[in-house]
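Peer 1: Dumping the structure here so I can ask a few things about it.
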Amino acid sequence: MQKTALKSEERAVLELRSIYDQFGYSPYKMSKFEEYDLYVRNKDFLVSDAVITFTDTNGKLLALKPDVTLSIIKNTQLLPGQVKKLYYTENVYRVSQKTQSFKEIMQVGLECIGEIDEYCLYEVLVLAAKSLRSISKNSVLDISHMGILAAIMDKMSLSKAQSARVLACISAKNVHELEQELAEVEADEADKALLLELAGIYGKANAVLPRLEKVLSGTVAWDAFSQLKTVLAAFEGSELNKMIHIDFSVINDLKYYNGVIFKGFVEGIPASILSGGQYDKLMRKMKRSSGAVGFAVYLDMLERFDTDSKAYDVNTVILYDSKSSLQTIKETVAHYAVEGTVLTLKTADKKLHYRRLVEIRANEVKVVEENA
Amino acid sequence: MKKMLNIALPKGRLGEKAYRLFENAGFACPEIYENNRKLIFENEESAVCYFWAKPSDVAIYVERGAADIGVTGKDILLEYEPDVYELLDLKMGKCKMAMAAKADFRDKPTKTLRVATKFSHIASEYFAAKGRDIDIIHLNGSIEIAPVIDLSDVIVDIVETGTTLKENNLVVFEDIVDISARVIANKSSFKFKNKQIEKLISQLSKQLEE
């Protein structure tokens, strides 16, 4: 099949799969349905908590999958020291925040489960960056480390509500309100200043890391920063390094995520198209002793990304009458099919946009219209 | 070639005032002063394109990426919670979101409180945090008459000078949140037009400090 005949999301699936295959990740296929109970127990992990449910013939309450990660964790049993690398292409069913109605979303993603070391983190980041690059050369991978913010905020002993408000401000790069929020908190002024500084930081990794090293040196966030620095140092000299930015507004739920987290953006698409991170805390919650890191690419966002909008529905339309022989029609179709799409009709369709109109009347072939 | 920075401004006095700040920040588009019905203005020299939008729609333009930057009220951001960056408080268009009622209003906790408002989400969140059971009556305008004609017990609305409330015999019972105009940015545009956006924000901040 010609690559150009594929829609951008279909093309992306093929390319992403070949990238993940190359790094030894194995495809993971799962059932469309999952026990509803799994989602009830981990409601906050889901992007939206509404789930389509139905009762199975045996009386069990099942759900159409709103998420893939939970199912993979549930179904993956590991031996100590083992690491499993999996990828998936699945449809998930979620409520769209915009329309407040259920949508089927095609999602490609991967999970690396087991004893997660710095190489595993690096590899997943490389795959995330490569995934974005395969979609567009103009893409950015924003990286943060939940451990940095968590360490500083833990030291400040914020209440649950305060913590949520502080994270909301950082996530919106809303430094002016973060300042107001922190003014009401009784904590070390140096820690408050640190959070304010982190909230305003954005830039390429090699430009931002030295500044971070200076401000985080000797603080509670140093260990988390050191890990981030080690992982990002491995990108030096690589083409992918240019697309890596540090951005603390990338935030995920502290209950589930503990380490490196990231979001991917592609120029021309207004929201993030890739999202992931290290979620050891979710693993603990699901009674797993190992760690995990992974990401998902939201392919529904690619629909509007088709830049090569076609001026024509079809290249050649061939109109034929009942007096024309099958042989003549067949040969004419073969002739024009060499240079593009061909549609054969008996009667003209006025709504159709075509480059060329060919008529076969009593076996006589004539080009009647050519559009530039 | 420099990338065009698309800016959505709210139609009206606030938008015009905001435009002057943007102009002084080096993002001028003189054509905007021509008195006509045009809604989109472009200046290739300063690589900027402005358009006038309904104030409550600005956040939608920005969230969906039709505009990279927008100026909108904090009330709209709290009500619709768009997924955008809130980069700056312009400290203009200042007002308050408040709960008001007739002067003789006494809250009876045994009854469901009837709340008339244009800002259903803000009102719901506010009363939920207080654990108060309410019945939201969503109205699109003339909120002030609701308690007068016994459609509601209280209203949640924007209070600027308080004149409208006074003329309808209403008084503010509780302030909910301070409102002012904010500069917002599309999350993806922030990455790909970062230099222009950072320059704009730093120039705007300088003007606000002066």
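The values are calculated or read from the model by the stated rules, or taken from the named source; none is laboratory data. The structure displayed is predicted, hence computed values, not measured ones. Here Cβ is always computed from backbone atoms with ideal geometry, including for glycine, and neighbour counts include all displayed protein chains.
Peer 1: Can residue A:254 be described as among the aliphatic types (A, V, I, L, M), over 24 Å from residue A:151 (Cβ atoms) and either in contact (Cβ under 8 Å) with a residue 40 or more places away in the chain or away from chain B (no Cβ under 14 Å) (or both)? Outline the logic, then answer.
Peer 2: Working: among the aliphatic types (A, V, I, L, M): yes; over 24 Å from residue A:151 (Cβ atoms): no; either in contact (Cβ under 8 Å) with a residue 40 or more places away in the chain or away from chain B (no Cβ under 14 Å) (or both): yes.
In short, no.
Peer 1: Continuing with this model, one more query. Taking the range A:110-128, which residues are crowded, with 19+ Cβ neighbours inside 10 Å and either within 14 Å of chain B (Cβ to nearest Cβ) or not in a helix (DSSP H, G or I) (or both)?
Peer 2: Passing the criteria: A:110, A:111, A:112, A:113, A:114, A:116.
Peer 1: Regarding residue B:56, is this residue within 24 Å of residue B:125 (Cβ to Cβ), in the same structural domain as residue B:199 (by TED's automatic domain parsing) and among the polar types (S, T, N, Q)?
Peer 2: Details: within 24 Å of residue B:125 (Cβ to Cβ): yes; in the same structural domain as residue B:199 (by TED's automatic domain parsing): yes; among the polar types (S, T, N, Q): yes.
Yes.
Peer 1: Can you give me the number of residues within the range A:137-179 that are of a type in the set (Asp, Glu) and touching a residue at least 60 places away in the same chain (Cβ under 8 Å)?
Peer 2: Residues of the range A:137-179 of a type in the set (Asp, Glu): A:142, A:154, A:177, A:179.
From what is left, the residues that are touching a residue at least 60 places away in the same chain (Cβ under 8 Å) are A:142, A:154.
Result for the range A:137-179: 2.
Peer 1: Can you tell me how many residues within the range A:158-173 are in contact with a helix residue (DSSP H, G or I) (Cβ under 8 Å, 6 or more places away or on another chain), on the phi < 0 side of the Ramachandran plot and not in a helix (DSSP H, G or I)?
Peer 2: Count: 1.
Peer 1: Quick one: which of A:326, A:299 is within 30 Å of residue A:264 (Cα to Cα) and either in contact with a helix residue (DSSP H, G or I) (Cβ under 6 Å, 6 or more places away or on another chain) or surrounded by fewer than 12 Cβ atoms within 10 Å (Cβ to Cβ) (or both)? If you could, list the steps in order and put the result at the bottom.
Peer 2: Numbers: A:326 fails: within 30 Å of residue A:264 (Cα to Cα).
Unique residue meeting the criteria: A:299.
Peer 1: Please work out if residue A:47 is in a helix (DSSP H, G or I), of a type in the set (Val, Ile, Thr) and either free of Cβ contacts under 8 Å to residues at least 60 places away in the same chain or in contact with a Cys (Cβ under 8 Å, 6 or more places away or on another chain) (or both).
Peer 2: In short, no.
Peer 1: Just to be sure, is residue A:226 in contact (Cβ under 8 Å) with a residue 24 or more places away in the chain, out of contact with any Cys (no Cβ under 7 Å at 6 or more places or on another chain), assigned to a helix (DSSP H, G or I) and away from chain B (no Cβ under 12 Å)?
Peer 2: Values: in contact (Cβ under 8 Å) with a residue 24 or more places away in the chain: no; out of contact with any Cys (no Cβ under 7 Å at 6 or more places or on another chain): yes; assigned to a helix (DSSP H, G or I): yes; away from chain B (no Cβ under 12 Å): yes.
When the stated conditions are applied, residue A:226 does not pass them.
Peer 1: Additional query: Return the residues of the range A:50-68 that are loosely packed, with under 12 Cβ neighbours inside 10 Å and either at positive phi or part of a loop (DSSP other than H, G, I, E, B) (or both); say none if nothing qualifies.
Peer 2: Residues of the range A:50-68 that are loosely packed, with under 12 Cβ neighbours inside 10 Å, as a first pass: A:54-59.
Those that are loosely packed, with under 12 Cβ neighbours inside 10 Å and either at positive phi or part of a loop (DSSP other than H, G, I, E, B) (or both): A:56, A:57, A:58, A:59.
Peer 1: Go through (1) closer than 30 Å to residue A:232 by Cα; (2) modelled with pLDDT of 90 or more one by one and return the number of the condition residue A:47 breaks.
Peer 2: The one condition residue A:47 does not meet is (2).
Peer 1: I would also like to ask the following. If you go through the range A:232-240 one residue at a time, do you hit one that is assigned by TED's automatic domain parsing to the domain that holds residue A:130, assigned to a loop (DSSP other than H, G, I, E, B) and either out of contact with any helix residue (DSSP H, G or I) (no Cβ under 6 Å at 6 or more places or on another chain) or small (Gly, Ala, Ser) (or both)? So that I can check it myself, show each step before the final result.
Peer 2: First, the residues of the range A:232-240 that are assigned by TED's automatic domain parsing to the domain that holds residue A:130: none.
Scanning the range A:232-240 turns up no residue that is assigned by TED's automatic domain parsing to the domain that holds residue A:130, assigned to a loop (DSSP other than H, G, I, E, B) and either out of contact with any helix residue (DSSP H, G or I) (no Cβ under 6 Å at 6 or more places or on another chain) or small (Gly, Ala, Ser) (or both).
Peer 1: Which of the residues that make up the range A:182-191 are crowded, with 19+ Cβ neighbours inside 10 Å and either within 14 Å of another protein chain (Cβ to nearest Cβ) or among the charged types (D, E, K, R) (or both)?
Peer 2: A:191
Peer 1: Which of (1) modelled with pLDDT under 90; (2) touching a Leu at 6+ places or on another chain (Cβ under 8 Å) is the odd one out, the single condition residue A:285 does not satisfy?
Peer 2: (2)
Peer 1: So, one more: Hey, among the residues in the range A:300-341 that are of a type in the set (Val, Ile, Thr) and either within 15 Å of residue A:369 (Cβ to Cβ) or part of a helix (DSSP H, G or I) (or both), which one's modelled with the lowest pLDDT?
Peer 2: Filtering the range A:300-341 for residues of a type in the set (Val, Ile, Thr) gives A:307, A:314, A:316-318, A:328-329, A:332-333, A:338, A:341.
Right, trim to either within 15 Å of residue A:369 (Cβ to Cβ) or part of a helix (DSSP H, G or I) (or both) and you get A:314, A:316-318, A:328-329, A:332-333.
Working: A:314: 90, A:316: 94, A:317: 94, A:318: 95, A:328: 94, A:329: 95, A:332: 95, A:333: 95.
Taking the candidates together, the pick is A:314.
Peer 1: Now for a different question. If I ask for residues that are within 27 Å of the chain's Cα centre (by Cα) and over 22 Å from residue A:212 (Cα atoms), which ones from the range A:164-190 would you list?
Peer 2: If the condition is that a residue be within 27 Å of the chain's Cα centre (by Cα) and over 22 Å from residue A:212 (Cα atoms), then A:164, A:165 are the ones that fit.
Peer 1: Which of the residues spanning the range B:91-141 are under 30 Å from residue B:209 (Cβ atoms) and assigned to a strand (DSSP E or B)?
Peer 2: B:95, B:96, B:97, B:98
Peer 1: Would you check if there is a residue in the range B:164-175 being out of contact with any strand residue (DSSP E or B) (no Cβ under 7 Å at 6 or more places or on another chain), of a type outside the set (Ser, Thr, Tyr), buried (at least 17 other Cβ atoms within 10 Å of the Cβ) and within 28 Å of residue B:98 (Cα to Cα)? Show your work before the answer.
Peer 2: Step one: list which residues in the range B:164-175 are out of contact with any strand residue (DSSP E or B) (no Cβ under 7 Å at 6 or more places or on another chain), which gives B:164, B:166-168.
Those left that are additionally of a type outside the set (Ser, Thr, Tyr): B:166-168.
Then keep just the ones that are buried (at least 17 other Cβ atoms within 10 Å of the Cβ); that gives B:168.
Retained after the next criterion (residues that are within 28 Å of residue B:98 (Cα to Cα)): B:168.
Yes: one or more hits.
Peer 1: Among B:113, B:87, which is more than 26 Å from residue B:190 (Cα to Cα), surrounded by 18 or more Cβ atoms within 10 Å (Cβ to Cβ), touching a Lys or Arg at 6+ places or on another chain (Cβ under 7 Å) and not β-branched (Val, Ile, Thr)?
Peer 2: B:113
Peer 1: Taking the range B:26-62 as the region of interest, how many residues are without any contact (Cβ under 8 Å) to a residue 60 or more places away in the chain, assigned to a loop (DSSP other than H, G, I, E, B) and not acidic (Asp, Glu)?
Peer 2: If we filter the range B:26-62 for residues that are without any contact (Cβ under 8 Å) to a residue 60 or more places away in the chain, which is where we start, we get B:28-46, B:48-57, B:60-61.
Next, only the ones that are assigned to a loop (DSSP other than H, G, I, E, B) stay: B:28-29, B:34-39, B:44-46, B:54.
Filter again for not acidic (Asp, Glu), leaving B:28-29, B:35-39, B:46, B:54.
Number of matching residues: 9.
Peer 1: Turning to a different aspect of this structure: Name the pairs whose Cβ atoms lie under 6 Å apart, with the first residue in the range B:193-206 and facing another protein chain (nearest Cβ under 10 Å) and under 16 Å from residue B:3 (Cβ atoms), the second loosely packed, with under 15 Cβ neighbours inside 10 Å and basic (Lys, Arg), and 6 or more positions between them or separate chains?
Peer 2: Close Cβ pairs (under 6 Å, with a partner that is loosely packed, with under 15 Cβ neighbours inside 10 Å and basic (Lys, Arg)) amount to B:193/B:3.
Peer 1: May I pose another question? Working carefully through the options A:131, A:101, A:139, A:71, find the one that is closer than 18 Å to residue A:298 by Cα and surrounded by fewer than 20 Cβ atoms within 10 Å (Cβ to Cβ).
Peer 2: It is A:101.
Peer 1: Please determine, by comparing only the residues of the range B:176-188 that are surrounded by 16 or more Cβ atoms within 10 Å (Cβ to Cβ) and out of contact with any helix residue (DSSP H, G or I) (no Cβ under 7 Å at 6 or more places or on another chain), which one is farthest from the other protein chains (Cβ to nearest Cβ).
Peer 2: Ranking the candidates gives B:187 first.
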